[in-house]
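Participant: I have a structure here, written as structure tokens, and I will follow up with some questions on it.
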Amino acid sequence: MAEKYIVVCGAGGFIGGHLVSDLLRQNRGPVRAVDVKPMGEWFQRFNGAENICLDLGRREDCVEAVRGAGEVYNLAADMGGMGFIENNKALCMLSVLINTHLLLASRNAGVERYFYASSACVYNAEKQRDANVTPLREADAYPAMPEDGYGWEKLFSERMCRHFREDFGFATRIARFHNVYGPFGTWEGGREKAPAAICRKVIHSVFTNNRRIEIWGDGNQTRSFMYVDDCLEGIARITASDIVEPLNLGSSELVSINQLVDIVEEIAGIRLERHYDLSAPKGVAGRNSDNTLIQQHLGWEPSTRLRDGLERTYAWIYDRYRAKYGTRTASGLKSAG
Ligand code: NAD
């Protein structure tokens, strides 16, 4: 019998692209990579995978995507950083079509395991009003008051996975990602998240000699950031485990946005004049991942130091920036070395 496919949905995106790469490297079986974006826009594309453009918001496309599949990873969603999710709530909520149709199609196709990428945005906003946060435990998602739009969709889709498991015996696994960053992600255009945005702004200063940086909010809001390699390791461990309840998948190294800027400045070897845009979208005051449960169940948690992951991310964005804008900012190129 033909080997079953491992299907990565959202494979043209940041985490999906890394997941395809990781699966191919492990040689675990045939990999199918699916995304709605034209292939030229995928962040990473591999000849070793079967690459298909499909709109997973449509049920018939989901049926095609999971044909012959043994495992399905749903990382497809319309999403971005705070600037995107605060201003595109309907678009974010429409991702409910993706997970719903994918669940239906996967169950009908006899898929053996289904992974869903949820988010820390499911957590109750009341628990995130202070920058001196108590890390969020999985139970803190209820009573429900998630991030409007994006967070509601994630919470609803989590429950959909849960009920497919309870009612149909369909094996679903769920991780709540906390801010993932790394190379091959969005770094400009409005969907980028804080680590990539700060790297890009600092790199822009390096190239143009403009020593001013604009920071969204007052810079005191706190977050934790998980390097993409830890995210991949966590996805593999959670999918293979017997843990059916959603698990936090995030770093517990808490920093303020100001500290994030400090680290990137240090990597770049410059100091910048900070200007705070208090009217810009900034999200909750503070958020961190409580990793007690994942430690208890899997004996593991993300551990890449922020400084180490940022160095790799900075280097990658630096190269992209230089390739795209280097010649246009010739006066600044000298200082960019
Ligand atoms: P991304 O935007 O880089 O990737 C998502 C991909 O899904 C995109 O390539 C997009 O084209 C694709 N997609 C959107 N609509 C689609 C459709 N109808 N059919 C097929 N493909 C479609 O995002 P990412 O950072 O790689 O995130 C992956 C998953 O992890 C998402 O579900 C996201 O909500 C979740 N998540 C990410 C983070 C993070 O910090 N990156 C945090 C929490 C949760």
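Participant: Just for region 50-70: of the residues that are free of Cβ contacts under 8 Å to residues at least 40 places away in the same chain and in contact with a strand residue (DSSP E or B) (Cβ under 6 Å, 6 or more places away or on another chain), which one is least open to solvent (accessible area, probe 1.4 Å)?
Facilitator: In this case the residue turns out to be Leu54.
Participant: Go through region 156-180 and report how many residues are within 12 Å of the ligand (Cβ to nearest atom) and either charged (D, E, K, R) or open to solvent by 10 Å² or more (accessible area, probe 1.4 Å) (or both).
Facilitator: So the answer is 5.
Participant: Right, next: Which number in (1) buried (at least 19 other Cβ atoms within 10 Å of the Cβ); (2) within 15 Å of Cys121 (Cα to Cα) marks the one condition that Val228 misses?
Facilitator: (2)
Participant: Does Arg137 meet the test of being away from the ligand (no atom under 16 Å from the Cβ), at pLDDT 95 or above and closer than 26 Å to Asn220 by Cβ?
Facilitator: Here the answer is yes, as Arg137 does meet what is asked.
Participant: Just a yes or no: is a residue in region 90-101 away from the ligand (no atom under 16 Å from the Cβ) and either more than 20 Å from the chain's Cα centre (by Cα) or surrounded by 21 or more Cβ atoms within 10 Å (Cβ to Cβ) (or both)?
Facilitator: Looking through region 90-101, none of the residues is away from the ligand (no atom under 16 Å from the Cβ) and either more than 20 Å from the chain's Cα centre (by Cα) or surrounded by 21 or more Cβ atoms within 10 Å (Cβ to Cβ) (or both).
Participant: Sticking with this one: Give all pairs with beta carbons closer than 8 Å in which a residue from region 114-131 that is more than 14 Å from Arg159 (Cα to Cα) meets a residue that is within 15 Å of the ligand (Cβ to nearest atom) and among the aromatic types (Phe, Trp, Tyr); count only pairs at least 6 apart in sequence or on separate chains.
Facilitator: Ala120/Phe177; Cys121/Tyr150
Participant: Follow-up. Of (1) part of a helix (DSSP H, G or I); (2) more than 8 Å from the ligand (Cβ to nearest atom); (3) buried (at least 19 other Cβ atoms within 10 Å of the Cβ), Leu24 satisfies all except one. Which?
Facilitator: (3)
Participant: Given the criterion near the ligand (Cβ under 9 Å from one of its atoms) and surrounded by 18 or more Cβ atoms within 10 Å (Cβ to Cβ), identify the matching residue among Ala105, Ala120.
Facilitator: Sole residue among the options that is near the ligand (Cβ under 9 Å from one of its atoms) and surrounded by 18 or more Cβ atoms within 10 Å (Cβ to Cβ): Ala120.
The values are calculated or read from the model by the stated rules, or taken from the named source; none is laboratory data. Everything numeric in this text was worked out from a predicted model, so none of it was measured. Positions of Cβ are backbone-derived with ideal geometry, glycine not excepted, and every protein chain shown enters the neighbour counts. Just the protein is used for accessible areas: all its heavy atoms, side chains included, with ligands, DNA and RNA removed. Shrake-Rupley method; radii C 1.70, N 1.55, O 1.52, S 1.80 Å.
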